[in-house]
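Before any comments, here is the structure.
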Amino acid sequence: MAHAFLSKRVVTPQGTQPGALLVEDGTIRAICRPSEIPADAILHDFGNDALLPGLVDTHVHINQPGRTEWEGFRTATRAAAAGGYTTLIDMPLNCLPETTTVAALEEKREAASGECFVDWAAWGGAVADNQQHILPLAQAGVLGFKCFLIYPGCDGFTMIDQQQLEAALPSIAQSGLPLLVHAELAGPIDAATQSLRHADWRQYQTYLASRPDEAELQAIRLMIRLCRQYSFRLHIVHLSTALALVELKSARKEGLPITVETCPHYLHFAAEEIADGNTLLKCAPPIRSKENQRGLWRGLHDGTIDMIVTDHSPCPPGMKRTDTGRFDQAWGGIASLSLALSIIHTDCGNRGDTLDDITRWMSSAPAALAGLARQAGVLQSGRDANFVRFDTEATFTVTPDKLHYRHAISPYLNETLRGLVKATYLRGEPVYQEGIFASTPKGREVKL
Ligand SMILES: [Zn+2]
């Protein structure tokens, strides 16, 4: 029996228009005009609510196996479902073991089995000493590789230096998969931190000064050079400094295969507004000035930044060190899976950006990065019926019960946002609806 999901605003690659998704056996059979809905279809009228493709988040730290006291597949995918996401790609670090070998990938698959409310897949790690594992990982089903050019904030996953990276790049290029880079170099950070030895680390300005734009700029320049030399797909994760946009733009113009992401917290918060001691807003690279934030939005508008992903990176509350308020002691990471769409929709509403822009940034562009352009990220017949019912007019205040990930802490608490995910559908079935989750997790690992 076919189901018809009717909305005045269905967001498709051809634009936003009135229409209906015809869904059968979990698959989109067609997108038709409201007048063309078959008489025998079961009708689900979304009224004024928009119908968006399920969002894709390529930057999530699920932390399982190994650090389930931080987060896990069950809680992260619940938060994702509540936030309108239907596909997550898990970062290879903070879990134990790190996803740097096929054996570790298999452990992750075991941990994920039967736990996921939405679909998922894994990034592999490119670390100091796993060059020989790159191609086997690619063959085993990771969608790409992540590396750190600087200490990643906790032990286990190792940073990679230039020489080690150059030993891995031929394999990465051969795999055809993207390399996701945490682009900060230690030099400028070490120098800045040295001069801040006696500074007050409760002040946000101290933390900001310790991670200067220059650290990102130098790392991005290095990666552009290596991209030119080794011809691999380069992806810059969580771009924070708008100063890098000029060089990224010209590198892309040159034809280099470079993509760029930024995150909701860089677009929503600005350094001038961060209270001293508010370590909930610590992340790396740091949230910079209001002027810098305007530059990031310009980067999104002109296409130099392709996508907005969350870098959902939760931890147990104690690790945020709100007791001391010291930015040097706090864990760097901000979780926003359950809120990102509402945050970006709120900010876009103030700027005139449309649902088409938002779904491009949060759905089709991340799907393309992960190599999933043919299966996720847009509404199209023949694909899994993964979509979101989104009330663009509803406003709500962020309270702990709306977060759904392991620990209900967030710098967004008490904010009022416009745009509410009413329901998220995976293969035609609601996995989240008005605060209620499906009883059985039916998410799967997605494969290329
Ligand atoms: Zn991250």
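The values are calculated or read from the model by the stated rules, or taken from the named source; none is laboratory data. What you are looking at is a predicted structure, and each value in this text was computed from that prediction instead of being measured. As a convention, Cβ positions derive from the backbone with ideal geometry for all residues, glycine included, and neighbour counts pool all protein chains shown.
Just a few scattered comments:
- The sole residue among GLN139, GLN194, GLN132 that is surrounded by fewer than 20 Cβ atoms within 10 Å (Cβ to Cβ), without any contact (Cβ under 8 Å) to a residue 40 or more places away in the chain and closer than 30 Å to ARG74 by Cβ is GLN139.
- Candidate set: region 83-104, residues that are surrounded by 24 or more Cβ atoms within 10 Å (Cβ to Cβ) and aliphatic (A, V, I, L, M); chosen: the one nearest to the ligand (Cβ to nearest atom): MET91
- Members of region 152-191 that are in contact (Cβ under 8 Å) with a residue 40 or more places away in the chain and away from the ligand (no atom under 16 Å from the Cβ): GLN162, LEU165, GLU166, ALA168, LEU169, PRO170, SER171, ILE172, ALA173, SER175, GLY176, LEU177
- Residue count, region 45-73 (criterion: of a type in the set (A, V, I, L, M) and either modelled with pLDDT under 95 or within 14 Å of the ligand (Cβ to nearest atom) (or both)): 2
- Here PRO316 meets each of (1) within 26 Å of THR399 (Cα to Cα); (2) modelled with pLDDT of 95 or more; (3) of a type outside the set (Asp, Glu) with one exception, condition (2).
- Of the residues GLU261, GLU247, the single one that is more than 17 Å from the chain's Cα centre (by Cα), at pLDDT 95 or above and at negative phi is GLU247.
- Checking each residue in region 290-304 for being part of a loop (DSSP other than H, G, I, E, B) and exposed (fewer than 15 other Cβ atoms within 10 Å of the Cβ) picks out ASP302, GLY303.
- Out of THR346, THR359, sole residue that is over 25 Å from VAL23 (Cβ atoms) and either modelled with pLDDT of 95 or more or not aliphatic (A, V, I, L, M) (or both): THR346
- Residues that are under 25 Å from PRO92 (Cα atoms) and touching a Ser or Thr at 6+ places or on another chain (Cβ under 9 Å) do not occur anywhere in region 190-207.
- Flag for GLU115 being more than 16 Å from the ligand (Cβ to nearest atom), surrounded by fewer than 24 Cβ atoms within 10 Å (Cβ to Cβ) and outside any helix (DSSP H, G or I): yes
- Restricting TYR405, TYR432 to those that are outside the structural domain of LEU267 (by TED's automatic domain parsing), assigned to a loop (DSSP other than H, G, I, E, B) and closer than 15 Å to ALA82 by Cα reduces the list to TYR405.
- Yes/no for LYS442 being surrounded by fewer than 20 Cβ atoms within 10 Å (Cβ to Cβ), assigned to a loop (DSSP other than H, G, I, E, B) and at pLDDT below 95: no
- When restricted to residues that are in contact with a helix residue (DSSP H, G or I) (Cβ under 8 Å, 6 or more places away or on another chain) and of a type in the set (S, T, N, Q), region 16-43 contains 1.
- Some residue of region 205-221 being buried (at least 17 other Cβ atoms within 10 Å of the Cβ), among the β-branched types (Val, Ile, Thr) and more than 21 Å from ASP161 (Cα to Cα): yes
- Any hit, region 235-245, residues being over 19 Å from ILE305 (Cα atoms), assigned by TED's automatic domain parsing to the domain that holds ALA138 and either within 16 Å of the ligand (Cβ to nearest atom) or not small (Gly, Ala, Ser) (or both): no
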